[in-house]
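Reviewing the structure listed below.
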Amino acid sequence: MTSVEDASGLHHRKTATKGASPPVTPIKNATSNQSNEKKENPPISLPKILSSNAALAGLILTSIIAILPRIYLIWFPQEVVFDEVHFGKFASYYLRRQYYFDVHPPLAKMILAIPAKLVGYNGKFLFEKIGMNYIENGAPYFVMRMTVAMFGASIPILAYMIMAESGYSLAVSFITASLISLDNSLVLHSRLILLDSIMLFFMVSSIYSYIRFFKLRFHPFTTQWYLWLTTTGFLLGCAVSCKLVGLFTFSCVGIFVLYDLWRILDINRNTTISEFGKHFAARAVSLILVPIVVYLTFFYVHFSILTNTGPGDAYHTPNFQMQLAGNQLAMNTLPVYFGDSVSFKHIDTNTFISSRDEIYPLKYADGRVSSNGQQVTATGAETDESFWTVIPGELFEEYTNHFDVNGTRINDLPIPPESLIELKVRHNDVVRLLHKTTNCVLRTHDVAAPLTPTNMEFTCVNSTDEKAYKDTLFYLKFDQPSAATKDSEGNLIQEELRTSSKRFRIVSKSQNVAAMTHAKKLPKWGHGDQEINGKKAASGSNTLWTINTVSGKNVSDSEETKVTIPKMGFFAKFIELQRLMLEHNAKLTKPHPYQSTPASWPLMLRGVSFWTDSNYNRQIYFLGNPFGWAMSILGIGMFSVIILGILAGHRRNFDLVSAIVERHLMRNGLIFAICYAMHYLPFFIMGRALFIHHYLPSVVFGYMVLGSMLQFFTVDNYQQYALFSPVFSRINLPILPKSKRMIAYLGLVLALQFLTFCYFAPFVYGTTLTPSQVRSRKWLPSWDFAFTNK
Amino acid sequence: MSTITRRKPRLIFEDSDTKEDLFKTQTLPLSEDYKDNSKPRTQNVFFTKKEFGLDKMDYICLVVLTALSLFTRLYQIGKRKSVTWDESHFGKFGAYYLNRTFYGDVHPPLAKMLVGLAELIAGHDGRFNFKGDYPSYVNFTFMRAQIALYGAALVPISFVTLKALGISRKMAFLGGIFILFDNAICLMSRFILLDEPLLFFTSTTLLFVTLFYTSNSFTTKWYVYLFSTGLSMGMVLSSKWVGLFCVALVGLATIEDLYLKFGDLKMPKAVYTRHWCVRIAAFIVVPLSFYMFTFKLHFMILNKSGPGDKDMTPAFQAHLKNNNLGVQSYLVAFGSKLSIRSMKIGNGYLHSHSTNYPSGSNRQQITCYGYDDDNGKWIVESSERNPGYNYTANTEDGNPQQPIYVNEGEYVRLRHEKTNQYLGMDIKHQSLVTKSDKEASCMKYEDAPHKDALLWKFEIVDDEGMQKSNRIRTISVTFTLKNKFTGMHLRAPGTTLPPWGFDQMEVCGSKSTGGDDYLWIVEKNTNPLVMSTKIKVKKPGFLKSFIYLNMKMARSNNALIPDRDKYNHLESDPITWPFLIFPMRLLGSWNPGDIKYYEIGNPITWWSSTAASLLFPIHLILLIIVASRSKSQEDHTCLMQYWNRGKFLWFGWALHYFPFFLMGRVTYIHHYLPALYFAYLTLAFEIDFIAGYIELKTKLRTRTILFLVWGFLSILGFMLYMPFTFGYTQNARNLKYRQWLPTWNIYEDYHKM
């Protein structure tokens, strides 16, 4: 603390005049009078770090330290690791141009697809499972990981530039950047095909850009000022386009801007209201409008690339799906009329509802009793036994004019078109299903199904059976029906049933259960078919069916097959996708074995196992650098105490630290601390499942707070760094603190960070460790490494 | 330290934008004059005269308001002669105090004790269980009237509070009228409910804290107001936990006050310390002691066994009169039928039922269930005897067998009586919810994966018994159950199973121990061979029972989660409250002839109060901006006045409203009433401030005009919905034009969503 006393700034008090209004400094004069004069651009300069050899050397050294650990062994493992399963897959979909759905915005995933495209990869591998081999499947994982590594390596470099620009001594800037370079968790996330490094790059660079902008505050409305302001907005837009967590960075910058505007507004600064309006407008356009445009643009690109049907269709409304080439809803399909014989195909298992002239055994193996009725099962192939005639629940005139009660044509007269409209089967219609070969109707009733006692049995019953009549009525309820339209007379008309394209549920009217089947096979009496039963909760995909064929009709020789594709503009698509992303993001509440609570993150109570290889005892395990994380928590704690101390001191009219140190802490240190807090605290009120990697942005900013504390404790001559003018270089500034002891301390911090990094590096690079080595690294009982005992 | 300047001028830098900051030179009389009590300051923080007092006109206003308030709250109060709305709960809870039987509830006891007191005064003997019509021996009108007095007091209190805040008399009177003529507040004051005491104590807290700020430090009056605030806080906290928001309000104001005093360089450190100490005593010690005192009273009064027994520890229950846990078999012997209870609060009893796990081992489920039913009975078997051996049957020569007692560390089997399966554990399957643990299941003896899988060892952890031994004793002994095969302990982590487990609690096994999860206790022990004796166990101390009951309340409170599938039209989301979107019918039957009560506020004033509450932060920011753009002292004074007067009211509203968004439990519109009270006062304050501003600029008699307009609207709105407040007996369709929003259900059965 000697430094603090030295720099206590008590001598400055002499200059203070009691109660005097603040004198106006020359520069302020210049700025406030600027409106009259022609604005003078500041001399264009290289970034300062390049204008001094020491600074340049620091930058190069930082880059080396940043890049080396990230590209070392980057080709290993040659297998899909952890979430590469998702993000690699999404990149492949871009190359296949197939539509996928994800809760994150598209930018980072598009960036991952670019290098793969450049090396000629066509997206043939889908990264299905963790542990699949890349070489065998021909995926360009090396270039993809290298891309991520480059983004990851830029984070420490940017940190170095931020620190140097903000008036930290080069030694402190370099050490802070090195701490970030040697953090296991950041290195790990930079070596795999994951989104966080790319997002972090945009987050940190937007903060850098904002600082550059802020430093030009005495040259407002110059080209450079506008340039950095717009860049900030652009980078913020990119950050949000990577992951919605980017909004936290956005709100950080929002806080800075509001504070800045607040000070401009103050009457003591002599800003006129019109000047203020100009300031406000410039920021509003660059920091609100530009990010929105950027965000929209990436989605526009997203939709323009993904034009084909893909796994993401099912999330969307039918209108949206029909925009995608090859989607089943846009296919040419047949409408279904009452009296048609159709086969029902199960979506999940590709089986058909069939019945045969055999009955359920009276007693099952487990002692339960059945209805002893005719079997209804799901068969793997479409046979004659899979056809059912659709009869309306209540016979109406148009129907009885042409069909008898059993769905057989009673005359050969052609059906007039107006009757055809009436005879179409539609969403929510009540129908009876007559089995074609055995001539009896489908029924479900409150008897336990053969394999699933909680669900109801499906069987067939004679169509004239009065008692069973109400159990033979079924609703055909579409999955995602379109809104009902009105016909010429103003009656509501539901959507019509068509083959293949419409998915629907067969829901019993009396029992309110939906027909479902699953991969369980019936025993010998059922010929190994799948069981069909009535499920009480109708939701879920295993109750979805579609019409496979209409007996005797063919899509190609029918004129009624054409489907009209509704128009849907970009904004309609965009809004629908946003809504779905938010919905699904909020729904990610399913507990995950590796999820953790925000409170446990700074203490690193929990890691995440990414990949294991039991043959060689190798594993990749997410863990931060325990030393670095502990230090940054300490740094944040000290920072808070010092800030509170300073504020309390003000209330009592004394200064804890010198004015220049205080100014630096209150301005620059506080920026880092706000970034840390804003990227961390909001997680506490989030309902979804959270993982420790959500803490990574805070880790980066936490290290920067630590950097500001290192400066506070080791650097005496703050003024030299803090006071340098934003437009002049720092060529002649000393690089190192004067006190040898302080240099030793800084060196010690760096050395310990390096050693801890190396000690835990096997979990980053997946190198072999013996069980005893793994055990010795288990510093906390909650770190659940694999292979601790073998 | 000789200078008076608040902040010294700071060092000027080359780019000097440092010296200006948010904490502006403060010339307003925010901190107390510490020694000049002889010459009291003329102004307090509300910019009114120090030493608050009422004059003759004020008293006339008070009398008028009180009379009207009593009339609206008491008129036809006994009209409906049946138990109405939540009277069925709270009337009953009050009656428990008369019967002295122990009951369980999610709310602290004070308000219910007051209900009990009202019943006592009304001569109720506790026989009536508050279902259906009131019998002739229950003087329910008198009970309702007594409780209604708390509600009636709100009106005069609101008037005095506004006066103390420095609001003009007209507007303070208007504020009283808002409270007086709000149908929802009036309606909720007319039944035997907890809302009246809660609102009453909320209003007294606000009243005393404002009065506190009007008086000179360390005078007698100051102390009286200070400790009255503390006591009110204790009372509101002991009525319902939402009282915490009141405590938060006072707490925030105190923090601000102490922060300002911290910057008063003239105040000696000793005086400042004294300010701290007095506030800690009044605002922390007093409320907390009072809260604990109500529980002490609660435990003292309720000394008989009742419906709430199972909420408490078995040791506590054993000391309740007539509780059947007090006398039973003390030692556990082989063949004993046990009810085993988890020591983790909210878990309940070790339970199994003839439903299997849907995956994993697919064996029979083991769960924890809140009630001790037939499926929660376990029979202890010796590992040396065959399964199913009858330990209690007579020997061959007809004599009863000797009981063989179970010792600590002995391996036993636990047979589920209902299904004849054994508690067991298998190393192979992980538990289905807590994946890190292993699954515990019930299995047939023959199906055990290993002969040791069904063997369990009692390990005594804690012994509350009067005599110690290594035997397992009912209630006295807390133990863990260790499985021989897996070496794991039986654990109930307190997680809820999905619907396949009927939302009961999970039971699993884990290697480690520590924490309540692993602790079990024998609550009931039936064995014909072992004599029933009085259970010799220490009564848990007050503090232990107090903490246990509060934890239990917290858990049950959180368990009141809405079931969206069964969404009924009584619940409503907090976001709808300020806009009065879903008023609530207090009664299900809505036929002509029935007496119908509809909880709808006075829409005109209700919506105005919402507008005022939403306006406050915007208005404040505008004033801050104006002040920062102005060099005149007037604008700063204006801002300080707005802030100092409005902060209590607006933060009161915000603190009583926004936390409901974070709550997972079911919410009803009457949860908004405390916030509404603050919103009405905010409205009165806002009108007064704006009117004052206009009067300053234009000389127009704005206050009078606004008073007349809003007063008229207030009465009009009240009259429109009055039928539903006093009980409407005709066809509700007659009032269909009073349905202003399509979501109201004045005459149609269901809310339109």
Exercise. Just a yes or no: is a residue in the stretch A:572-586 closer than 30 Å to residue A:381 by Cβ and of a type outside the set (S, T, N, Q)?
Worked result: no
Exercise. Which residue pairs have Cβ atoms under 8 Å apart, sit 6 or more places apart or on different chains, and have a first residue in the stretch A:754-768 that is free of Cβ contacts under 8 Å to residues at least 60 places away in the same chain and surrounded by fewer than 18 Cβ atoms within 10 Å (Cβ to Cβ) and a second that is basic (Lys, Arg) and assigned to a helix (DSSP H, G or I)?
Worked result: A:759/A:777
Seminar exercise, completed: Residues of the stretch B:158-172 being assigned to a helix (DSSP H, G or I) and crowded, with 24+ Cβ neighbours inside 10 Å, in sequence order, are B:158, B:159, B:161, B:162, B:163, B:164, B:171, B:172
For this session: Scan the stretch B:613-626 and give yes if some residue there is in contact with a Leu (Cβ under 6 Å, 6 or more places away or on another chain) and touching a residue at least 40 places away in the same chain (Cβ under 8 Å), otherwise no.
Result: no
Problem set entry | Lone qualifier among B:575, B:561 - being modelled with pLDDT of 85 or more and either under 19 Å from residue B:370 (Cα atoms) or among the β-branched types (Val, Ile, Thr) (or both) | B:575
Exercise. Strands (runs of 3 or more DSSP E) wholly in the stretch B:428-490 with at least 3 residues that are in the same structural domain as residue B:410 (by TED's automatic domain parsing) and under 15 Å from residue B:332 (Cβ atoms) - which ones?
Worked result: B:456-463, B:477-483
Exercise. Residues of the stretch B:523-545 being part of a loop (DSSP other than H, G, I, E, B) and over 38 Å from the mean Cα position of the chain (by Cα), which ones?
Worked result: B:527, B:528, B:529, B:530, B:531
Exercise. If you go through the stretch A:648-664 one residue at a time, do you hit one that is farther than 27 Å from residue A:740 by Cα, away from chain B (no Cβ under 14 Å) and outside any helix (DSSP H, G or I)?
Worked result: no
Exercise. Across the stretch A:273-315, which residue is surrounded by the most Cβ atoms within 10 Å (Cβ to Cβ) among those that are within 14 Å of another protein chain (Cβ to nearest Cβ) and free of Cβ contacts under 8 Å to residues at least 60 places away in the same chain?
Worked result: A:279
Exercise. What number of residues in the stretch A:111-149 are touching a residue at least 60 places away in the same chain (Cβ under 8 Å), part of a helix (DSSP H, G or I) and surrounded by fewer than 19 Cβ atoms within 10 Å (Cβ to Cβ)?
Worked result: 2
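Tell me, which residue of the stretch A:465-507 that is more than 25 Å from residue A:314 (Cα to Cα) and small (Gly, Ala, Ser) is farthest from the chain's Cα centre (by Cα)?
A:468
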Exercise. Is it the case that the stretch A:492-507 has a residue that's at pLDDT below 85, farther than 18 Å from residue A:425 by Cβ and out of contact with any Lys or Arg (no Cβ under 7 Å at 6 or more places or on another chain)?
Worked result: no
For this session: Taking residue B:290 as the residue in question, decide whether it is over 18 Å from residue B:370 (Cα atoms), hydrophobic (A, V, I, L, M, F, W, C) and touching a Pro at 6+ places or on another chain (Cβ under 7 Å).
Result: no
For this session: Please give the number of the condition residue A:591 fails out of (1) closer than 19 Å to residue A:713 by Cα; (2) part of a loop (DSSP other than H, G, I, E, B).
Result: (1)
Exercise. Do we have residue B:299 as more than 14 Å from chain A (Cβ to nearest Cβ), in a helix (DSSP H, G or I), modelled with pLDDT of 95 or more and more than 22 Å from residue B:655 (Cα to Cα) here?
Worked result: no
For this session: Would you be able to tell me the number of residues in the stretch B:196-218 that are under 24 Å from residue B:598 (Cα atoms) and out of contact with any Gly (no Cβ under 8 Å at 6 or more places or on another chain)?
Result: 1
Exercise. Is it the case that residue B:222 is without any contact (Cβ under 8 Å) to a residue 40 or more places away in the chain and either within 14 Å of chain A (Cβ to nearest Cβ) or in contact with a Leu (Cβ under 8 Å, 6 or more places away or on another chain) (or both)?
Worked result: no
For this session: Would you tally the residues in the stretch B:597-611 being surrounded by fewer than 24 Cβ atoms within 10 Å (Cβ to Cβ) and either more than 14 Å from residue B:669 (Cβ to Cβ) or more than 29 Å from the chain's Cα centre (by Cα) (or both)?
Result: 4
For this session: Only residues that are of a type in the set (Lys, Arg) and either outside the structural domain of residue A:431 (by TED's automatic domain parsing) or outside any loop (DSSP other than H, G, I, E, B) (or both): list them for the stretch A:318-370, please.
Result: A:345, A:356, A:363
Seminar exercise, completed: Within the stretch B:629-651, restricting to residues that are surrounded by fewer than 20 Cβ atoms within 10 Å (Cβ to Cβ) and among the small types (Gly, Ala, Ser), the one that is farthest from the other protein chains (Cβ to nearest Cβ) is B:632
Problem set entry | Top-ranked residue in the stretch B:660-679 [being touching a Pro at 6+ places or on another chain (Cβ under 9 Å) and part of a helix (DSSP H, G or I); ranked as nearest to residue B:202 (Cα to Cα)] | B:675
Seminar exercise, completed: For residue A:636, the lone unmet condition from (1) over 23 Å from residue A:683 (Cα atoms); (2) modelled with pLDDT of 90 or more is (1)
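The values are calculated or read from the model by the stated rules, or taken from the named source; none is laboratory data. This one's a predicted model, so the numbers in the text were calculated from it and none came from an experiment. Neighbour counts are summed over all protein chains in view; Cβ atoms, including those assigned to glycine, are modelled from backbone coordinates with ideal geometry.
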